[in-house]
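Here is the structure we will look at, set down as structure tokens.
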Amino acid sequence: MLGIIGGTSLLFAKLPDLKKTEIATPYGSAELYLGDIALLLRHQYGLPPHRINYPACISALALAGVDRVVAFGSVGSLKKSIGPGSIIIPDDYATTTAVPTVHNHSQVHVMPGIDAELSAKVSACIPESQNKGTYVQAGGPRIETKAEVSALSRIGDVVGMTVSSEATLCNELGIAFSAICMVDNYAHGIGEDELSYEQILNFARANTKKTEMILERIITRMG
């Protein structure tokens with residue numbers, strides 16, 4: 001089963017007709033929308049990025065039978081060459097925050113990564129995307145400082161607050177993972193505009209039709 005994870009970029013999009021279901025996991029409950037695919041809205045219960053129960057969310061997908069995940073992420077660009085409106089399918093990720101895990105009672109090492117085969121299929125659905133780049137996860141919920149962005153730009157291409165955590169847990173649970181990063185803005189200090197959450201929401205709202213088209217392609221061709 002295909003799993004879709006959505007956040008800010010899907011807030012205004014028309015979503016597929018699926019049944020809302022609460023899944024109990026060893027880490028707490030999570031809400032999924034189930035049918036031929038599984039949809040997880042990561043900010044369920046109104047939670048900001050740093051309070052999301054990632055182990056419960058990804059475990060719920062696994063319990064529902066999901067074996068591959070495509071995550072939509074709203075990101076800021078760390079490079080002048082990657083402008084707002086760009087779509088990045090990252091091939092690697094890094095994180096500056098504590099990494100969630102389902103292995104709390106034993107020492108287990110799982111090779112982290114983004115699934116190249118799945119990403120190639122995602123890229124084929126979005127010809128205008130860039131199928132390479134490093135996603136860097138910051139802690140949130142605040143926007144990064146100029147100094148932080150300067151440091152992050154040396155190791156990454158886009159910055160967000162969620163995808164690295166989701167990728168890590170999918171790796172641990174044997175779920176193939178890929179991400180679609182929608183560039184909403186230049187990160188703090190890269191562009192000249194002052195940033196706010198309202199600006200990010202306005203960008204997501206303005207790109208609703210584009211997001212819906214991409215979501216439909218992914219579900220039709222891969223679900």
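The values are calculated or read from the model by the stated rules, or taken from the named source; none is laboratory data. Because the structure is predicted, anything quoted here is derived from the model rather than measured. Quick reminder, even Gly has a Cβ in these numbers, built from the backbone with ideal geometry, and neighbours come from all protein chains shown. Surface areas here come from the heavy atoms of the whole protein model, side chains and all, with no ligands, DNA or RNA. Shrake-Rupley method; radii C 1.70, N 1.55, O 1.52, S 1.80 Å.
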Which value at 222 nm does the chain reach when only helices count, each DSSP H run of 4 or more adding -39,500 (n - 2.57), with the total divided by all residues and rounded to the nearest 500 deg cm²/dmol? -8500 deg cm²/dmol
Report, in debye and to the nearest 20, how large the dipole of the chain comes out about its Cα centre when Lys and Arg carry +1 and Asp and Glu carry -1 on their Cβ. 180
If packing is taken as the average count of other Cβ atoms within 10 Å, what order do 99-108, 147-156 fall into, highest mean first? 147-156, 99-108
Charge dipole of segment 160-205 built from unit charges on the beta carbon (Lys, Arg +1; Asp, Glu -1), centred at mean Cα; most positive-end Cα among 162, 174, 201 is 174
Show me, for segment 14-26, the HN-Hα J-couplings you get by feeding each phi into the Karplus relation (A = 6.51, B = -1.76, C = 1.60, θ = phi - 60°), rounded to Hz, glycine and proline as x. 6, 9, x, 7, 10, 8, 5, 9, 9, 10, 7, 10, x
Going by average Cβ neighbours within 10 Å, how do the peptides 182-192, 161-171 rank, with the highest at the top? 161-171, 182-192
Normalised by the residues of segment 73-203, what does the relative contact order come to in percent, with Cα pairs under 8 Å and at least six apart? 44
Check which residues have an amide H placed less than 5 Å from residue 177's amide H, if you skip close sequence neighbours. 69, 115
Based on alpha-carbon centroids, what's the gap between segment 169-223 and segment 3-74 in Å, whole number please? 15
Over the chain, with every protein chain in place, what whole percent of the accessible area is carbon and sulfur at 1.4 Å, could you tell me? 52
Per residue of segment 78-86, in order, report the coupling 6.51 cos²θ - 1.76 cosθ + 1.60 (Karplus, θ = phi - 60°) as ³J(HN,Hα) in whole Hz, putting x for Gly and Pro. 9, 10, 4, 6, 10, x, x, x, 5
In order through segment 196-203: 3J(HN,Hα) via Karplus (6.51 cos²θ - 1.76 cosθ + 1.60), integer Hz, x for Gly, Pro: 8, 5, 4, 4, 4, 5, 4, 5
Just list whichever of 19/210; 20/79; 121/146; 20/80; 14/146 have alpha carbons separated by over 30 Å in the model shown. 20/79; 121/146; 20/80; 14/146
Using a probe radius of 1.4 Å on heavy atoms only, what accessible surface per residue do you get for segment 93-137? Whole Å² is fine. 61
How would segment 173-223 be classified by its alpha-carbon gyration tensor: rounded, prolate or oblate, with rounded meaning a/c under 1.5 and the a/b versus b/c comparison settling the rest? oblate
